[in-house]
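Report on the following structure.
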Amino acid sequence: MSGGEDGGGSFEDRLRAARRRQGLDTRPSEQSGGPDGSGPSALSIGLRVGLELVSALAVAVAIGWWLDKWLHTSPVLLALFVLLGGAAGMLNVWRLMGLGRQPPGDKRN
Amino acid sequence: MDPIGQFQLHTVGSFVGASVNFTQANLMMLLAAALILAMLYFGARPRAIVPGRLQALAELSYNFILGMCTDQIGEEGRKFFPLVFALFFFILFGNLIGVWPYAFTFTSHIATTLALAAMVMVLSTVVALRLHGWKFFTYFVPAGVPKLILPLLVPIEVLSYVSRLVSLSVRLFANMMAGHVMLEVFGAFIVMLGAAGVMFWAPAALSFATTVALIGFEILVGTLQAYVFAVLTCIYLHDAVHLH
C-alpha cells in the first residue's frame, strides 16, 4: 500500500472512489451488453429484436395451427393468430427498447 | 465435412450407459455440476479472512449473483438466489466446457435450453399466482386502455408472455449452436486447404487464425449468454413478484 495519494477517508470511501475510477459501479440493466460494461453492439441488438419478433410469431402460429386442427376451422384461426403474433412480436420489441408499460414513478431497471 | 454431426447424441459408458440412454450430454451435465460443487466446496473450505484465489472466486460468484438478484428483483430476490445461482453456473460451465476439445456443449441442444426456460417460466407463473392469486391476470390487461379494444389487446399480451419461453430458450441454443458450427466449418477448412497443396497453406493458416479467434469469441459468448439467461430470469421473476 502506497497510501500517499488519498490518505484521508475510510477504506470504504477509498474503495468507492477506486470503483468509480474503474467504472465498476454501473448497474447492470436489461439492455446492457453484459458484465464487461460495454454497450450492446448493433449486431446483437439486431439479433435480439429479430428473435423477439420471430418467437412471438412462432408461438402464435403453433397455437393457431393447433386450435384449427382441434376445432376443424382450418385457416381461420391460423390467420387470426398470425396477425396477433405479429402484434405481440412488435410489443416485445417495444418493451425490449424500454418504451412500453412503465407507469410514471415505477423505476424498474 | 459435416458441421451438424457434432451435435448428435450417442450413449457413453458401454452397455450400462446404453441401457439407460446415458448420453455424452448427460455426462457433461454431471461434469458441470461436479465442477461447480468442487469450486464452491474447495473455495469455501479455507474460511480465510484474506481469501486465496479459489476462495475469492467462490465469494465473488456468490456476491455477483446475490447482487443481480437484489438489483433486479428487489429484496424478495434473496429467495430466488439459489435458483439463479444454479442456473447461471450450470449454463456458464456448460458453455465453457463445450469450448474444450472433444467435449460436448449440452446447451447447444434446444431440448436442454427449452427445459431450463420452461422451468423458469413455470416457476415465475406459479410464484405470481401464489403471491397475487387472481390478480395475476390483471398483468395481461394494460392500464388505461378503453374496454372496447381489450379483447384484442389481452391475447396479444398473453402471446407476448408465452413467447418469452421461446425467446429465452432459442437465444441460448442458437448462440451456442451457431458458434460450434462456425468452429467446425473453419476447423475443416484448415484440414481441407492444408491437404490441397502448398499454394493453399496461406488460406489454411488464415482459417487457423480464425479458429483461434472464434474460440476466444466462444468463451465470450458463452459467458455473456449465461449472464443474459440469469438476468432475464431475474427480470421475469421481478414481474412475477411485483406485477408492476
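Span-like helix criteria (full DSSP H runs; alpha carbon extent of at least 20 Å along the helix axis; mean Kyte-Doolittle hydropathy of at least 0.5) are satisfied in chain B by B:24-44, B:81-99, B:110-132, B:150-195, B:201-242.
For a test of the definition: using alpha carbon positions, the gyration tensor, and the 1.5 limit on a/c, classify the protein assembly as shown as rounded, prolate or oblate. Oblate shape, in that a/c is at least 1.5 and b/c is the bigger or equal ratio. Computed on region A:48-100, the Cα convex hull volume stands at 51 Å³ per residue.
Among residues other than residue B:179 with Cβ under 15 Å from its Cβ, the summed charge is -1 (Lys and Arg +1, Asp and Glu -1). Estimated from helical segments only, the mean residue ellipticity of the protein assembly as shown at 222 nm is -24000 deg cm²/dmol, where each DSSP H run of four or more residues counts as -39500 (n - 2.57).
The simple Förster model, with R0 at 41 Å and r as the Cβ-Cβ distance, assigns residue A:13 and residue A:47 a FRET efficiency of 0.45. Here, region B:5-242 has an Rg and a Dmax of 22.1, 74 Å when only alpha carbons are counted. Restricting attention to the protein assembly as shown, lysine pairs at least eight places apart or on different chains and with alpha-carbon atoms under 24 angstrom apart total 4. In this simple spin-label model, placing a label point 7 Å from the Cα along the Cα-to-Cβ direction at both residue A:62 and residue B:188 gives a separation of 2.9 nm.
All of the numbers you see were taken from the coordinates with simple rules; none came from a lab. Predicted model, so just to flag it, every value in this text is computed and none were measured. Glycine also receives a Cβ, built like all others from the backbone with ideal geometry; neighbour counts cover every protein chain displayed.
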